[in-house]
Amino acid sequence: GNVYVADAGNNRIVRYPRPTGQPAGEPILADFLIGQTSFSGNRANQGGAATASTLAFTTTSGVFKVAIRFDASGNLWVTDAGNHRVLWYPASALSAGAANAPAADVALGQTSLSNNTPPPGLNSPRPRWTGE
């Protein structure tokens, strides 16, 4: 029933608790953040280095495309293109009462949760199948 929104311009994911269950006429306010520790923060990697609790959706030249998906167990997968990784947040880190800026448990595409260097060969030409 919760709605998660990728707020790429602010380097965060925002959760709105059960918006369809809120009283009519009441504002629907976000109650949880991923990638930032407060609703006033918005800098990529919270203005520092990549960690298990930060996201980088923006660069000086624009905003990366972002995708968020939940698996069958309620775990969240997030593309964090600015840090060259895909992050996995366990369902337990997203539960009610969890602290803002939860830590991811897995980073695909990196050797650690605090590394954000492009993988070797990322920009090199890839062999193409010619159909012959």
Under a 10 Å cutoff between Cα atoms, tell me which one of 101, 24, 49 has the largest fluctuation in the Gaussian network model of the chain.
-> 24
Would you mind giving the average projected area, over all directions, of the Cα convex hull of the range 47-123 in nm² with one decimal?
-> 5.9 nm²
Note, residue 91: beta-carbon cut-off 11 Å, +1 each Lys/Arg, -1 each Asp/Glu, net -2
Can you tell which of 11, 83, 75 shows the greatest fluctuation in a Gaussian network model of the chain with Cα springs below 10 Å?
-> 75
With DNA, RNA and ligands ignored, accessible area of residue 43 (1.4 Å probe; Å², nearest 10) | 150 Å²
What chymotrypsin sites (Phe, Trp or Tyr not before Pro) does the range 12-60 have in DSSP loop regions with at most 16 other beta carbons within 10 Å?
-> 39
Hey, if we sort 108, 113, 29, 76 by accessible area with the 1.4 Å probe, largest down, what's the order?
-> 29, 108, 113, 76
Using θ = phi - 60° and the Karplus relation 6.51 cos²θ - 1.76 cosθ + 1.60, list the HN-Hα couplings for the range 81-94 in order, rounded to whole Hz, with x at every Gly or Pro.
-> 4, x, 10, 6, 7, 10, 9, 10, 10, x, 3, 4, 6, 9
Top positive-direction residue, dipole computed over the chain with Cβ charges, set 24, 8, 37 | 8
Which percent of the accessible area of the chain is formed by carbon and sulfur heavy atoms (probe 1.4 angstrom)?
-> 55 percent
Most to least accessible of 38, 61, 92 (protein chains only, probe 1.4 Å) = 61, 92, 38
To the nearest 20 debye, the chain has a Cα-centred charge dipole, built from +1 on Lys and Arg Cβ and -1 on Asp and Glu Cβ, of 220 debye
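The values are calculated or read from the model by the stated rules, or taken from the named source; none is laboratory data. Note that the structure is a prediction, hence the values are computed from the model and not measured. Ideal geometry is used to build each Cβ from the backbone, glycine not excepted, and the neighbour counts take in all protein chains shown. Quick note on the areas: whole protein, heavy atoms, side chains included, nothing else; ligands and nucleic acids left out. Shrake-Rupley method; radii C 1.70, N 1.55, O 1.52, S 1.80 Å.
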